[in-house]
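These notes concern the structure reproduced below.
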């Protein structure tokens with residue numbers, strides 16, 4: 001392959017692949033946002049009052 | 001307002017379904033041909049610039065319009081658009097967002113059924129004793145529905161009905177139970193098949209398996225920059241057009257999928273991820289398979305002749321099945337399954353997306369159950385698709401593709417960007433895009449969406465006007481004219497349904513926003 005073609009091809013392939021993987025990993029890693037009313041309510045410790 | 005409990009099962013499922021909606025047969029068959037016809041390696045520069053200036057902004061706009069409309073219980077574009085403006089005519093512009101999906105699905109399901117048929121023929125070895133001319137004429141015989149290639153009468157019609165049934169059944173299972181499951185299986189398999197075929201194509205060796213060139217010769221031709229063409233406006237128009245069609249923007253299906261998001265869900269990262277996944281499939285996989293294999297066997301001149309004679313679709317269905325036979329009987333079957341399998345997954349993930357806006361409209365406005373709405377879609381496509389199947393040779397298929405798959409997309413996208421940036425207002429629009437965002441969206445996109453994207457879309461629209469004029473003034477046959485009026489009738493019919501739905505809303509005291 002000609003050097004100019006190889007450089008352009010590799011630059012395009014690497015950029016597109018890297019950005020695709022980066023955003024997809026972000027999608028996988030970002031924690032789920034609870035919907036309103038679905039928020040986690042911490043458990044209240046009960047005390048023995050007897 | 002009719003509420004239904006449809007929602008996405010997982011974020012990954014949504015992103016894969018959105019990417020599947022965008023990834024279609026054009027990623028593998030249209031992109032490489034466009035690149036070759038527009039300066040080879042130089043095409044990629046305007047192509048990626050248009051992706052940043054038009055593709056990504058339109059994705060942001062359509063995702064946020066969908067989520068915004070979904071908040072009011074709208075799952076199709078007529079009332080999504082209506083909820084964004086006080087002017088009542090916008091709901092009739094939104095008709096395009098249902099019309100395009102129905103009209104494209106009408107011929108696209110037929111195209112999808114070819115891939116199923118070709119998988120079958122690859123497995124049973126139909127192509128193995130054939131020479132290049134015979135494989136090419138096999139396609140003509142197949143699409144001439146009266147000629148049977150398997151002994152089954154009306155084979156093409158049977159595969160088409162099978163494909164329609166499959167689409168309808170999956171849609172009747174709902175978003176998380178049907179569409180999302182197909183995307184989760186189909187997209188990884190598509191990428192896997194694509195990577196394997198791309199490696200095989202690029203590593204072809206001259207003198208081995210009948211090849212006359214290394215696979216890299218095709219890549220060299222495709223990627224060598226012709227720097228003169230980068231200043232040619234036609235190349236920029238072609239690049240903008242390719243970005244536009246590859247991302248499935250201007251259809252109304254993205255808004256529909258996004259309308260099932262919750263109000264706090266992210267759209268910026270999701271849109272980025274789905275958009276870039278489409279680019280990976282198109283540039284890396286689509287750019288490596290067809291041209292490398294075709295140049296490997298026919299040389300550059302042979303490949304360019306084939307492209308001008310049969311186009312990208314011809315390369316995929318008339319040429320590759322013959323070239324796979326050069327790899328030996330087992331590899332030929334495997335390559336056939338992988339190639340037509342990936343085209344099938346690319347097709348079905350798109351056609352499923354085309355079904356959801358019409359279903360959403362029927363469910364929202366007429367209270368239909370999911371199953372009834374899905375079967376109504378199937379029946380509609382059966383009726384509307386029949387002329388494209390039975391009058392394929394007369395050009396009805398191409399006519400549908402031109403008006404619904406090309407012109408309608410540009411018109412709708414131009415209207416929706418004006419609505420979003422200038423009527424709804426960029427401040428509110430920007431707040432919608434960034435609300436709940438899991439990434440920081442660069443503020444430059446605010447300027448791009450308001451000024452650059454409408455200008456680029458306007459240029460694409462103006463650039464397509466001479467073609468529209470030529471199409472309207474050219475001599476044509478009765479079947480094509482019938483197809484044209486049928487499409488007009490479909491658009492009008494949907495507009496009437498929107499009017500009835502609107503009157504129903506007014507009567508019942510339901511508001512659109």
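The values are calculated or read from the model by the stated rules, or taken from the named source; none is laboratory data. Because the structure is a prediction, the values reported are computed rather than measured. Heads up, the Cβs are rebuilt from the backbone with ideal geometry, glycines too, and the neighbour counts pull from every protein chain shown.
Would you call residue B:197 at pLDDT 95 or above, surrounded by 19 or more Cβ atoms within 10 Å (Cβ to Cβ) and over 16 Å from the mean Cα position of the chain (by Cα)?
It is true that residue B:197 is at pLDDT 95 or above, surrounded by 19 or more Cβ atoms within 10 Å (Cβ to Cβ) and over 16 Å from the mean Cα position of the chain (by Cα).
Can you list the helices (runs of 4 or more DSSP H) found entirely within the stretch B:262-349 that contain at least 2 residues being under 24 Å from the mean Cα position of the chain (by Cα) and more than 14 Å from chain A (Cβ to nearest Cβ)?
Correct list: B:290-314, B:320-324.
List the helices (runs of 4 or more DSSP H) that sit entirely inside the stretch B:213-258 and contain at least 3 residues that are more than 30 Å from residue B:407 (Cβ to Cβ).
Counting at least 3 such residues, we get B:215-223.
What number of residues within the stretch B:17-47 are out of contact with any strand residue (DSSP E or B) (no Cβ under 8 Å at 6 or more places or on another chain) and either over 16 Å from residue A:16 (Cβ atoms) or without any contact (Cβ under 8 Å) to a residue 40 or more places away in the chain (or both)?
Adding up the residues that qualify gives 14.
Looking at the stretch B:204-229 only, could you name the residues that are without any contact (Cβ under 8 Å) to a residue 12 or more places away in the chain and facing chain A (nearest Cβ under 10 Å)?
Hit for the stretch B:204-229 is B:220, nothing else.
For the condition within 30 Å of residue B:15 (Cβ to Cβ) and in contact (Cβ under 8 Å) with a residue 12 or more places away in the chain, what is the one hit in B:135, B:157, B:95?
When all the criteria are applied, what remains is B:95.
Hey, residue A:10 hits all of (1) more than 8 Å from every other protein chain (Cβ to nearest Cβ); (2) exposed (fewer than 12 other Cβ atoms within 10 Å of the Cβ); (3) modelled with pLDDT of 65 or more but one; which does it fall short on?
So the condition that residue A:10 fails would be (2).
State the number of residues belonging to the stretch B:189-203 that are free of Cβ contacts under 8 Å to residues at least 24 places away in the same chain and either away from every other protein chain (no Cβ under 14 Å) or over 14 Å from residue B:289 (Cβ atoms) (or both).
1
Of all residues in the stretch B:138-154, which are free of Cβ contacts under 8 Å to residues at least 12 places away in the same chain and part of a helix (DSSP H, G or I)?
Result: B:140, B:141.
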